[in-house]
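Trainee: Here it is, the structure, as structure tokens.
The values are calculated or read from the model by the stated rules, or taken from the named source; none is laboratory data. Small disclaimer: the values here were computed from a predicted structure and weren't measured. Methodologically, a virtual Cβ is constructed for each residue, glycine included, from the backbone with ideal geometry; neighbour enumeration extends over all protein chains shown. Heads up: the accessible areas ignore ligands, DNA and RNA and are worked out on the full protein's heavy atoms, side chains in. Shrake-Rupley method; radii C 1.70, N 1.55, O 1.52, S 1.80 Å.
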Amino acid sequence: MSVQEVLVDRQGEVLVQSSSPSSHGKRFYIESYGCAMNFSDSEIVASILQEESFSATTDLEQADLILINTCSIREKAEENVRQRLRVFEKIKKRKPGTLVGVLGCMAERLKEKLLEEEKLVDIVVGPDAYRDLPKLIGTASDGEKGVNVFLSREETYADISPVRLDSNGVTAFISIMRGCDNMCSFCVVPYTRGRERSRDPYSIIAEASDLFSRGYRDVTLLGQNVDSYKWSSPDETEKVNFADLLRRTAAVDPLLRIRFSTSHPKDITDEVLHTIAAHRNICNYIHLPVQSGSSIVLKRMNRTYDREWYRERVERIRTLLPDCAISSDIIAGFCGETEEDHRETLEMIRFADYSMSYMFYYSERPGTLAAKKYPDDIPYDTKKRRLQEIVDCQLEISLRHNQADIGKTFEVLIEGNSKKSDAYFKGRNSQNKMVVFPKREDLKVGDYVMVKVLDATSATLKGEITA
Ligand code: SAH
Ligand code: SF4
Ligand code: F3S
């Protein structure tokens, strides 16, 4: 796998969402970039727009309103958005009434400046202001630009039922919190998403129950730092932490699988690990981004844990959850990173035995602590070389990890046809590994099936149904 492909993995992903068009009202088209949070937000936006009798279209040419839900995490993510805006510009020239709206993190980061830089844009809406979209669309239809980038301390969209548009009908995201109070020095998220706040657990459970009753079998609880989920009732008599929330979600139905992302190494507690161990339907998979294997770099990153702390957490997971897969996010070439620091990162990949990782090279983001404090001093070629070494190391570990599954039998939830062949199903096991296997007539998407692994690549397990 080349460096470029790894980057495209997260940044280049385009989701076009669709539903059956209603006979009246206007049509919107929405494209999402960035993390799962953004994809989840697009479903909230779709819900708000459908209330206004907008219907979704996957055909850009048909759209009266083109929305792009953007990501600012790396410079490349923003460049992708600008490229898409050039495409929308052409459409707008052909169909002058079309409105173009920029949503999400780039809208929040650039605010009104985006309107100066991108003349085609009519609407700029930050992640906490989606309820205002109908009003802003009205303003824009009258020929004025509509902007709302207000960041809220309370907004969780708890009462809005997301419209599951581009869905396989089996897996769904549930947003449990918004914002982030950590100040990792490289990261733009606290600036684009605002303060951390947790959503009312009752609305989360109601959403999970509703999804289950509609045939969904796998939900991922989403937040930038799920382990710091914290909710209290208005009279403070009821307090719910993340472990409590996991327990409550797991109780919705034993056939509903629970996943969660992202865990922060400083906050993941033994209580959470015990809770996973105690519930069969909470998946044995933890995304635990390390970022760097060097304590000196971690300090500069302001991650508030060091190498030893991280290693202890990994060991604790191994002890309490022997079958648990761990994955990571890794940044190559952060400010001041030496070859020795880099070597420690490679060592950490081996130590933690990650099933997979998302790997990036450092991209300085304006306004972050790192941009203010530390020079972006690692030459581009060095960043790329280190990233490639990290990718190569991870691929080797992933392959080994997957090969160790050959001969084992896993329970797999069928999610759809395999990408390569309609004669095969694909689905994931508890460890979040993709498994492909020949179809059997009596089985359908949403069923659980036991699959014995016969072969493995670094990305996929291949097997056959045993029961
Ligand atoms: N809340 C999550 C991460 C959200 S951003 C966490 O704390 O782990 C997803 C990933 O993007 C991060 O984990 C990090 O690896 C990467 N990332 C964030 N800012 C970056 C930057 N400026 N340059 C390169 N990668 C970055
Ligand atoms: Fe960014 Fe750190 Fe918050 Fe993750 S925990 S979103 S990396 S500031
Ligand atoms: Fe990107 Fe915003 Fe998510 S910056 S990674 S879309 S929170």
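Trainee: Kindly indicate whether any position in the range 134-145 is among the basic types (K, R) and either more than 20 Å from the chain's Cα centre (by Cα) or open to solvent by 40 Å² or more (accessible area, probe 1.4 Å) (or both).
Mentor: Just the residues of the range 134-145 that are among the basic types (K, R), to begin with: 135, 145.
Then drop every residue that is not either more than 20 Å from the chain's Cα centre (by Cα) or open to solvent by 40 Å² or more (accessible area, probe 1.4 Å) (or both), which leaves 135, 145.
Yes, the range 134-145 contains at least one residue that is among the basic types (K, R) and either more than 20 Å from the chain's Cα centre (by Cα) or open to solvent by 40 Å² or more (accessible area, probe 1.4 Å) (or both).
Trainee: Name the residues in the range 423-445 that are part of a loop (DSSP other than H, G, I, E, B) and in contact (Cβ under 8 Å) with a residue 12 or more places away in the chain, would you? It would help to see each step written out before you state the result.
Mentor: Quick first cut of the range 423-445, residues part of a loop (DSSP other than H, G, I, E, B) only: 423, 429-433, 439-445.
Across the range 423-445, the qualifying residues are A423, N429, S430, Q431, N432, K433, K439, R440, L443, K444, V445.
Trainee: Specify which of the listed residues (P234, P265) is within 16 Å of ligand 2 (Cβ to nearest atom) and either assigned to a loop (DSSP other than H, G, I, E, B) or over 18 Å from the mean Cα position of the chain (by Cα) (or both).
Mentor: P265
Trainee: Continuing with the same structure: Please state which of the following conditions R164 fails to meet, knowing it meets all the rest: (1) within 15 Å of ligand 2 (Cβ to nearest atom); (2) surrounded by fewer than 22 Cβ atoms within 10 Å (Cβ to Cβ); (3) in contact (Cβ under 8 Å) with a residue 40 or more places away in the chain.
Mentor: (1)
Trainee: Mind listing just one residue for me: the one in the range 241-255 that is in contact with a helix residue (DSSP H, G or I) (Cβ under 7 Å, 6 or more places away or on another chain) and in contact (Cβ under 8 Å) with a residue 40 or more places away in the chain and, of those, nearest to I282 (Cα to Cα)?
Mentor: Looking at residues that are in contact with a helix residue (DSSP H, G or I) (Cβ under 7 Å, 6 or more places away or on another chain) and in contact (Cβ under 8 Å) with a residue 40 or more places away in the chain, I get T249.
Trainee: Tell me, yes or no, whether the range 390-406 has at least one residue that is outside any loop (DSSP other than H, G, I, E, B), more than 30 Å from I465 (Cα to Cα) and open to solvent by 20 Å² or more (accessible area, probe 1.4 Å). Walk me through it before giving the result.
Mentor: Let us first name the residues in the range 390-406 that are outside any loop (DSSP other than H, G, I, E, B), namely 390-403.
The next check asks that each one be more than 30 Å from I465 (Cα to Cα); those that pass are 390-393.
Retained after the next criterion (residues that are open to solvent by 20 Å² or more (accessible area, probe 1.4 Å)): 392.
Yes, the conditions are met somewhere in the range 390-406.
Trainee: Here are some residues: E340, E315, E271. Which one is open to solvent by 10 Å² or more (accessible area, probe 1.4 Å), part of a helix (DSSP H, G or I) and within 23 Å of T220 (Cβ to Cβ)? I'd like the intermediate steps shown before the answer.
Mentor: Values: E340 fails: within 23 Å of T220 (Cβ to Cβ); E315 fails: within 23 Å of T220 (Cβ to Cβ).
From the options E340, E315, E271, the qualifying one is E271.
Trainee: For the range 171-188, indicate whether the set of residues that are open to solvent by less than 10 Å² (accessible area, probe 1.4 Å), in contact (Cβ under 8 Å) with a residue 40 or more places away in the chain, within 15 Å of ligand 2 (Cβ to nearest atom) and out of contact with any Phe, Trp or Tyr (no Cβ under 9 Å at 6 or more places or on another chain) is non-empty.
Mentor: yes
Trainee: Right, next: Do we find that D376 is in contact with a strand residue (DSSP E or B) (Cβ under 9 Å, 6 or more places away or on another chain) and modelled with pLDDT of 95 or more in this structure? Working first, answer last.
Mentor: Working: in contact with a strand residue (DSSP E or B) (Cβ under 9 Å, 6 or more places away or on another chain): no; modelled with pLDDT of 95 or more: yes.
So D376 fails the test.
Trainee: Which residues, counting only those in the range 183-198, are under 16 Å from L151 (Cβ atoms) and either within 11 Å of ligand 1 (Cβ to nearest atom) or in a loop (DSSP other than H, G, I, E, B) (or both)?
Mentor: Across the range 183-198, the qualifying residues are M183, C187, V188, V189, P190, T192, R193, G194, R195, E196.
Trainee: Continuing with this model, one more query. Based on what the data block shows, is A46 at pLDDT below 95, open to solvent by less than 30 Å² (accessible area, probe 1.4 Å), away from ligand 1 (no atom under 16 Å from the Cβ) and over 16 Å from the mean Cα position of the chain (by Cα)? Give the steps one after another, and end with the answer.
Mentor: Details: at pLDDT below 95: no; open to solvent by less than 30 Å² (accessible area, probe 1.4 Å): yes; away from ligand 1 (no atom under 16 Å from the Cβ): yes; over 16 Å from the mean Cα position of the chain (by Cα): yes.
When the stated conditions are applied, A46 does not pass them.
Trainee: Just one of (1) modelled with pLDDT of 95 or more; (2) surrounded by fewer than 15 Cβ atoms within 10 Å (Cβ to Cβ) trips up R94, so point out which.
Mentor: Unmet condition: (1).
Trainee: On the given criteria, is S295 in the same structural domain as R343 (by TED's automatic domain parsing), open to solvent by 20 Å² or more (accessible area, probe 1.4 Å) and over 16 Å from S430 (Cβ atoms)?
Mentor: Numbers: in the same structural domain as R343 (by TED's automatic domain parsing): yes; open to solvent by 20 Å² or more (accessible area, probe 1.4 Å): yes; over 16 Å from S430 (Cβ atoms): yes.
The answer is yes for S295.
Trainee: Looking at G104 and the list (1) on the phi > 0 side of the Ramachandran plot; (2) not assigned by TED's automatic domain parsing to the domain that holds G34, which single condition is not satisfied?
Mentor: With (1) on the phi > 0 side of the Ramachandran plot; (2) not assigned by TED's automatic domain parsing to the domain that holds G34 applied to G104, the lone miss is (2).
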